[in-house]
Amino acid sequence: MRSTYGFLGLLFVAGTLALAQAQSPDALQVQAELTRQLQREHPGVLVYTEGDQVRRVWGKPFGYGGSAIDAAQAFVNRYADLFAPGASALVLNGIQDVMRGKFTAVYFQQVVDGIPVDKGELTLLVREVEGYPLVLASSAVRFVAPVNTTPKLDADDAIQIAQKLRPDLHADTKPELVIYLAEEQTHLAWAFSVDRHSLEKPERYRVFVDAHTGELLEWRSEVYYADITGQTRGYATPGLRPDSSANPPQLRTIPKLRVSVVGGNSIFSGIDGRFTLPFSGSGSATVRAELIGTGVRVSNQAGSTLVLEQTVNPPAFVDFLFNSTPNELNTAQINGLIHTQLVYDFVKSINPNYPGVDIQIPCNVNINNTCNAYYSNRTINFYRAGGGCVNTCYSTVVYHEYGHFIIHMGHPNASGDYHEGIADVTAAFLTVDPCLGIEFQGVGTGCIRNAVNNRLHPCSGGVHFCGQVISGAFWQTWLEMRNRYASNPQYALERVREWYLNSILLRPTGISPQITIDVLTLDDNDGNIYNGTPHYQQIATGFARHNLPAPQIDWVQIEPVSLPSGFVSPPVPGSFALPLMRFVVRINDLAGQRDMNAVFLHYRVNRGAWQTVRMNRFGTNGAITAVPVPACGSSVEYYLEARDTQGRASFYPRNGANAPISVLAAIGLAVTLEDTFETNLGWSVQNDSSLTAGAWARDIPRGTSQNGQPANPNADSPDAGSRCYFTGQGSVNGSVGEADVDGGPTYLTSPVINLAGSDAIIEYSRWFYNGTTLNDAFWVEVSNDNGATWVRVETVNFTGAENRWVPRSFRVGDYVTPTAQVRVRFGTSDNPNDSIVEAGVDHFVVRRIVCP
């Protein structure tokens, strides 16, 4: 995709931006289960979310492999659903070196039936050390509802629809199918770029046309300007200011300019402007100097581009002097060459393997318009002086526009405010000056924007205004680093430049604390964020100034010595002995110094109020306490807290009250019923009079699918058997919908479960599919009066992740008082009958809590 960025802001945007569709409670439950599973398998790993979406996984390594790709692919195979892709999949899409071999970024594209999801991607960062530990997941994955991927309109139809509205715009790319996410619906769309092909008044859009209905979904502008007006100064202008009578051009060398023998060899001049051009012929030679560098090709839009030639008889000394009598149009051409080449070299010095920048980017100068500059479609473009503005091709304006090119190559889905802010950082870190576009509007008019600012996240305003949040955060981090390394500021500058450029490759979805996490991960040197990073304090302080806080690290380490887990023996009725739960830990210094008088146990019984106990110190760094074991059948949740001498808290487990450790006061669990549905153990089916098809049946399911999605349960049972209960059995080779639920509800009810005087954990695996019209549900209920009344345990809405066997469990006492007449029932319906509905249940287990 091609974008155009500059100083004045969006020229035109039609339509609305697509918003992420909300996940269902069930999808959130799957996400939560996978999060817990990941943190069990990799203790200490952190998950950062924005809204319902997981945006970062980080903190400690959470995957390994024989190579970067192996480690990344294994993680995706196991944990793709953590990012809630819905009806989509993640496929490998490339790799990229990050920080000169320290890391490899592995990119995955979100697809549906091989069709890419607009802006949907996952970036996994792998350290290039033995074992290839996976240290960061950067997610822009978007929730996708099921969609028909067969278009009704072809590519030509889509182009004609756009051209009917804007015949002055020309299709510039071949239409491709994409999955487009609107606020309430997932669309199959044709996407292509259209362009007005005008440098003076550029218009370029990425057009999205619904491939089924022909609806124009979005005109996404690919032209961005900057909110500044000004005047360009001449070539050889000292410092960063533009050409003016107060700051006239001065003679200077032009490095890396292409020089050639006409019809022969060519080279680029050195840093000092000198060159040695081999010549093996005889007689005279015509030598040509053009405004072409290793990373730029200047094009004058107000006439011929400057070219100098001299005919000499070798050996000879050739002196090329451009713009010998300075004027605005010639000076702009020289400025374009010098400053574009300078920012290209700047990027290559930080990351020689940065993607996409090794081209001679067209630098169009002296465009017949005023007061602007912009980036579009791998070109940078600058206007002539006029209207109270300078010629815009000079120093920081060039660096800013080239900064958009850098971002486009490393992060093609970057948001507008991020684009503007990081482009500002490009100029600020190259010049080590926070001022952008100084004197753009004339002598003494100051900066257009400044990286020294008080913009805060979240920000409401234009993209240039809000982009200052991230430019301010990076600049403040540089100041913190400079203060720390006062005797070696160059070292500090090299570090912040590395973080700025390489963080682009991690593809954040916008300006938010996810970028703080990215920078910390790039700075980390041991794969453990909890113990801090070499420059945690500087990064945390710099980003916090703009309300982009760094995640809390462990100031001290809580090392378990002896902690309760699983089951704890409950009190014996009639016994005077009161059993205790003992908690023993060691506290070790990390980034902070431990305060042994500030170690606490937090616990609660049966999800009641939290209670806090100060732990007693023993030895140098030990802490111990004990609390009574509650009555049999009670659940206890707990976590530990330790503070450093500055009062900063660390927790075990890491997320404290949000993910406490759970134990059960009981001797154990005893299986009183385990039903794999291979035989009939007394289940019953009740149907509403409106049900015409799809009643619950016990059999070996044949399995059906719709639009590539499994619908009716398959025979891949979660237990050793092959039978289960499901809604309707179709004929052999039958089609989807042949025996799905129509009308209803239809209920599947368990036999009576005797829990008199006890409690139990009930486990089951469920399956649910809802296609075509997503307006139906599946539900689970429990009764303690033989079915006279029912209490809802869970309601399942289809989001794309439920058409598989999902294991679930609940404690009866959390919903009803256990009695001798407990029943469980499963229900679903398609009422009104306007969609495909399928459900299944298997491996039903009752585990009674055993007490003395």
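Things worth noting here:
- Estimated FRET transfer efficiency (ALA609, LEU165; beta-carbon r; R0 56 Å; 0.05): 0.35
- The distance between label points at LEU277 and ASN525 comes to 4.8 nm (points 7 Å beyond Cα on the Cα→Cβ vector).
- Near-label residues of the range 252-275 by backbone N, under 17 Å of a point 7 Å along Cα→Cβ of ARG288: 257-269
- Solvent-accessible area assigned to carbon and sulfur over the range 387-535 amounts to 48 percent, based on a 1.4 Å probe.
- DSSP loop trypsin sites (Lys or Arg not before Pro) with at most 14 other Cβ within 10 Å excluded, longest remaining stretch of the chain: 275-606
- Estimated [θ] at 222 nm from DSSP helical runs (n ≥ 4, -39500 (n - 2.57)) normalised by residues in the chain, nearest 500: -5500 deg cm²/dmol
- Overall, the chain carries a charge dipole of about 2340 debye about its Cα centre when +1 sits on the Cβ of Lys and Arg and -1 on the Cβ of Asp and Glu, all other atoms neutral.
- Cysteines (scope the chain) whose Cβ has no counterpart Cys Cβ under 4.7 Å: CYS363, CYS393, CYS724
- Relative contact order of the chain, defined on C-alpha pairs under 8 angstrom at six or more residues apart (%): 9
- The slack between GLU130 and VAL443, meaning 0.36 nm per residue of separation minus the straight C-alpha distance, is 107.0 nm.
- In this structure the chain gives 39 Å² per residue of accessible area when probed at 1.4 Å with all protein chains present.
- Stretched out straight at 0.36 nm per residue, the stretch from LEU92 to ASP814 would grow longer than its current Cα-Cα span by 255.6 nm.
- Modelled FRET efficiency - R0 25 Å, SER460 with THR150, Cβ distances, 0.05 increments: 0.05
- Gyration tensor analysis over the Cα atoms of the chain returns equivalent ellipsoid semi-axes of 61, 36, 21 Å (largest first, whole Å).
- Counting only lysines at least 8 places from LYS102 when in the same chain, those with an alpha carbon closer than 23 Å to its own are LYS60, LYS348.
- DSSP-defined antiparallel bridges as percent of all bridges, the chain, nearest 5: 90
- Length available on full extension from ALA649 to SER565: 0.36 nm per residue minus the Cα-Cα distance, which gives 27.9 nm.
- Note on ASP319 and ILE667: the model spin-label points, each 7 Å out from Cα along the C-beta direction, lie 10.5 nm apart.
- Amide hydrogen proximity for GLY532: with H placed 1.01 Å from N in the peptide plane, the residues at 5 or more positions away or on another chain lying under 5 Å are ASP554.
- Area projected by the alpha carbon convex hull of the range 516-611, averaged over all directions, nm²: 9.7
- Charged-residue dipole, Cβ positions (Lys, Arg, Asp, Glu), the range 763-830 about Cα centre, Debye nearest 20: 140
The values are calculated or read from the model by the stated rules, or taken from the named source; none is laboratory data. Worth saying up front: this structure is predicted, and the values here are computed from it rather than measured. Every residue, glycine as well, gets a Cβ built from its backbone with ideal geometry; the counts of neighbours run over all protein chains shown. Just so you know, the surface numbers come from the protein's heavy atoms only, side chains and all, with ligands and any DNA or RNA stripped out. Shrake-Rupley method; radii C 1.70, N 1.55, O 1.52, S 1.80 Å.
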